[in-house]
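A short write-up of the structure that comes next.
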Amino acid sequence: MCARFADCKLLSMVWEDLLFAHWRVDPALVDERLPDGLAVDTYDGDAYLGVVPFVMRDIGPRFAPVGLSFGELNLRTYVHETADGPSDDDPDEGGRGVYFFNLDADDRLGVGIARSLFQLPYYRANMTIDAAGDRVAFRSQRPDGSAAFAAAYGPDGESFVPEPGSLPAFLTENYRFYTADGGGRLWYGDIDHPRWELAPASADFVRNELFDVNGFDHPGGEPLLHFAERIRVTAGRIHRA
């Protein structure tokens, strides 16, 4: 294991035109879907399922001038480790992070690399992403016709940096992800980026089959929506949790 996260960084990338759409759900509905070693994280007693479409640009080894670019769409929740203490020697992490139910991406090579390097549940999807002004039209569907998604979204207010301890910070300021391999072994990876600059968002959802394809009923109520224009991210190696 690297002595410092800065020594472990494998990839650099830029994330653009992100929509964070979060629905409140019963924690028990999420907890039963998590692998051993993880429990759902809550805010004021609520768990959240998040649908996040965005564009990944210039994905490649650190300091490389250019890399892959493609759309991504994921369904996520927020978790903590059930074992005592954090996963490594960083006491600030506390074993909290993101758990992905799926990550759909419009790039065959990128899907293969992500599955092999990070053990993440990536799926190949056909996507069209059109940005006009401050509005993004995002469409995605897997080759077998499943996991269809179509939405138009954009900012709807002034940008802000989430206050530590706030709900927007809970939903976005996460620097660790967890995944389980085919043998049920739990892994984690760390990412690094500046603090998010978010804006309130509006969105029109035409289709959203991500809950169905992952075995969830579509949550009731209106989602909490945030938009982020652009952020640069680095990702490190994965480690056994």
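Points to keep in mind about this one:
- When every Cα-Cα distance of the range 142-240 is counted in 10 angstrom steps from zero, the calculated P(r) takes the values 12, 29, 40, 18, 1 percent.
- Shape of the range 5-240, Cα gyration tensor, a/c cut at 1.5: rounded
All of the numbers you see were taken from the coordinates with simple rules; none came from a lab. Please read all numbers here as calculations on a predicted model, not as lab measurements.
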